[in-house]
Amino acid sequence: MQRRGLLIILSSPSGAGKSTLAKRLMGWDPSLRFSISATTRAPRPGEEDGRDYYFRSRPEFEAMVAAGEMLEHAEVFGNLYGSPKAPVEAAVTEGRDTLFDIDWQGGQQIRNSTLGKDVVSIFILPPSIAELERRLRTRGQDSDEVIRGRMAKSETEISHWAEYDYVLVNEDIDRAEADLRTIVCAERMRRDRQPGLSTFVRGLNREFDAR
């Protein structure tokens with residue numbers, strides 16, 4: 001029976017493990033696909049249009065927003081980023097699941113969109129703020145100034161935890177991954193995501209009538 005695809009939104013403060021869990025989830029189920037974002041920034045070496053991003057000029061991007069062709073969008077450091085609606089709508093209709101690694105603002109826009117009923121939103125929390133900072137420093141990617149900025153931003157991000165369908169505390173990455181898999185499996189089986197069930201049950205009833 002064909003089911004509707006899911007829009008799986010993962011959000012968290014930087015350092016809580018969102019990206020790692022997203023990669024693990026896709027390794028567990030290769031049929032999952034990341035939503036490819038559109039952006040107005042220039043391609044970096046090795047990046048390809050349609051594979052890494054949809055590269056658009058600012059006027060083209062703004063025209064897409066005006067036409068309602070974006071599920072969500074935001075401006076970050078002078079460049080526009082957003083999730084085109086058409087490929088996600090096609091995936092939902094075809095029963096394919098799309099994974100979004102976005103912040104609470106993007107998640108809010110998608111939940112309020114025409115595809116809101118297909119959203120499963122999951123927020124990842126750290127076990128403590130001290131551990132969150134430790135993880136940011138351990139990965140060795142950012143300067144002290146950047147880390148302070150990320151920590152300051154994390155308070156605002158965490159304040160939106162109650163807007164999500166599920167909340168996971170990532171104390172142990174293996175346990176968090178297992179819980180994430182459980183959520184995805186259960187959501188795929190929801191009755192309202194399986195439009196073919198009504199036809200199937202009518203067939204069962206006809207078998208009763210034929211007895």
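Mind sorting S12, S159 by how few other Cβ atoms lie within 10 Å of their own Cβ, fewest first?
Ranking S12, S159 by Cβ neighbours within 10 Å, fewest first, gives S159, S12.
Under a no-solvent Debye model with one identical scatterer per Cα of the chain, what's log10 I(q)/I(0) at q = 0.12 Å⁻¹?
For the requested q values the scattering log ratios are -0.71.
What FRET efficiency would be calculated for the residue pair A86, S19, taking the C-beta separation as r and a Förster radius of 30 Å, to the nearest 0.05?
Efficiency for this residue pair is about 0.70.
Once you put a point 7 Å from the Cα of S159 and another 7 Å from the Cα of F208, both along the Cβ direction, what distance in nm separates them?
5.4 nm
With label points built 7 Å along Cα→Cβ from the Cα atoms of A42 and T182, find their separation and express it in nm.
Each label point lies 7 Å from its Cα, and together they span 4.9 nm.
Which of the chymotrypsin sites (Phe, Trp or Tyr not before Pro) found in the range 75-127 are in a DSSP loop and have at most 12 neighbouring Cβ atoms, other than their own, within 10 Å?
For chymotrypsin sites (Phe, Trp or Tyr not before Pro) across the range 75-127 that sit outside H, G, I, E and B with at most 12 neighbouring Cβ atoms in 10 Å, the list reads F77.
Measure nothing but the geometry: give the 0 to 90° angle between the long axis through the Cα atoms of 144-158 and the longest principal axis through the Cα atoms of the chain, rounded to 10°.
40 degrees
Gain in length, N112 to V167, computed as 0.36 nm per residue apart minus the alpha-carbon separation, to one decimal in nm?
So the extension gain works out to 17.9 nm.
Given the DSSP H assignment, sum -39500 (n - 2.57) over each helix run of at least 4 residues in the chain and divide by its residue total; what's the result at 222 nm in deg cm²/dmol, nearest 500?
After summing the helix terms and dividing by residue count, I get -13500 deg cm²/dmol.
Near T182, within a Cβ-to-Cβ distance under 12 Å, what is the net charge of the other residues, with Lys and Arg +1 and Asp and Glu -1?
Local charge sum for T182: 0.
Below 15 angstrom from the Cβ of S14, what's the summed charge of the other residues (Lys, Arg +1; Asp, Glu -1)?
Every neighbour counted, the sum reads -1.
What is the spin-label model distance, in nm, from F200 to R137 if the labels are put 7 Å beyond Cα along the C-beta direction?
5.3 nm
List the GluC sites (Glu not before Pro) in the range 83-161 that DSSP assigns to loop (not H, G, I, E or B) and whose Cβ has at most 11 other Cβ atoms within 10 Å. Which are they?
E94
Rule-based calculations on the coordinates, nothing more; no lab input. This is a predicted model, so every value here is computed, not measured. Note that each Cβ is placed from the backbone with ideal geometry, even for glycine, and that neighbours are counted across all protein chains shown.
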